Amino acid sequence: MDILSIIGVILAFASLLVGAVLKGAGIHALLSGAAFTIVIVGTIASICIQTPLPVMQRALRILPWIFKPPLIERSLLIKRMVEWSNTARKQGLLGLEPVIQAERDDFVRKGLQLVVDGSEPDVIRSILEVDMHIREQADTRGAKVFEGMGIYSPTLGIIGAVLGLMAVLQNLADPSKLGHGIAAAFVATIYGIGLANLFFLPIANKLKVVIHGQTEAREMVVEGMISIAQGENPRSVESKLQGYLH
């Protein structure tokens, strides 16, 4: 569980709610059905128009990563690859077949299968790097969905404010409605800018960090598999892969 993300979400809500109280506006001032419709629904509409369905599905699938990113224990993975290297040197590459069946990570399993099949190191690298690149692209496109929402919501907030001010101008004859109307007009701006800078853009950037970490771990797997296929000394394999821990 990512504690920083949880703390960040709590502080984000607190900054808006407590700030509204301290400024004298009150929490009720932040509640507006019109602003919600224009900014929230409008942002969802915009991103739906922009995004293909498979990308949207991937974005929703990786969203929980901001709180619970995929667990990749690199030190443990290195230890396992060193053990596989020992097995390959003692029993031959076919000795890794039981490992393939027990492996849960499909990327690691694919690499092991290529090694056991006796594929050349260049072939192993080529196949795994294509797989790694496609996975990274798919996840990055998912992260950019939230980045797009962070771009659209402030503009929709401004549209909401303009629409609110237009309503105020229609009631200039009644001064008692001006103050409330102007305040309500700017709630949409708060929604748009607040959501973009406190949620959408930070979510996109956090997901990109997680995706980058996954790619680095897969690069480590590629190097480990090639080392095993080349029959390198297990100690050399370990020394090479230790660099990925920094």
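Quickly run through region 187-246 and pick out the residues that are crowded, with 21+ Cβ neighbours inside 10 Å and under 16 Å from the mean Cα position of the chain (by Cα).
Result: A196, F200, I203, A204, L207, I211.
Tell me, which residue of region 93-111 that is of a type in the set (G, A, S) and either modelled with pLDDT of 85 or more or in contact with a Ser or Thr (Cβ under 8 Å, 6 or more places away or on another chain) (or both) is farthest from M132 (Cα to Cα)?
Per the criteria, the residue is G95.
Please count how many residues of region 183-231 are hydrophobic (A, V, I, L, M, F, W, C) and over 20 Å from M56 (Cβ atoms).
18
Which pairs have Cβ atoms under 6 Å, sit 6 or more apart or on different chains, and link a residue in region 143-162 that is without any contact (Cβ under 8 Å) to a residue 40 or more places away in the chain to one that is surrounded by 24 or more Cβ atoms within 10 Å (Cβ to Cβ) and part of a helix (DSSP H, G or I)?
Hits for this filter: A161/A188.
When only residues in region 120-168 that are acidic (D, E), out of contact with any Phe, Trp or Tyr (no Cβ under 8 Å at 6 or more places or on another chain) and more than 25 Å from L201 (Cα to Cα) count, which is surrounded by the fewest Cβ atoms within 10 Å (Cβ to Cβ)?
If we take residues in region 120-168 being acidic (D, E), out of contact with any Phe, Trp or Tyr (no Cβ under 8 Å at 6 or more places or on another chain) and more than 25 Å from L201 (Cα to Cα), then D122 is surrounded by the fewest Cβ atoms within 10 Å (Cβ to Cβ).
The values are calculated or read from the model by the stated rules, or taken from the named source; none is laboratory data. What you see is a predicted model, and the numbers here were worked out from it, not measured in a lab. Quick reminder, even Gly has a Cβ in these numbers, built from the backbone with ideal geometry, and neighbours come from all protein chains shown.
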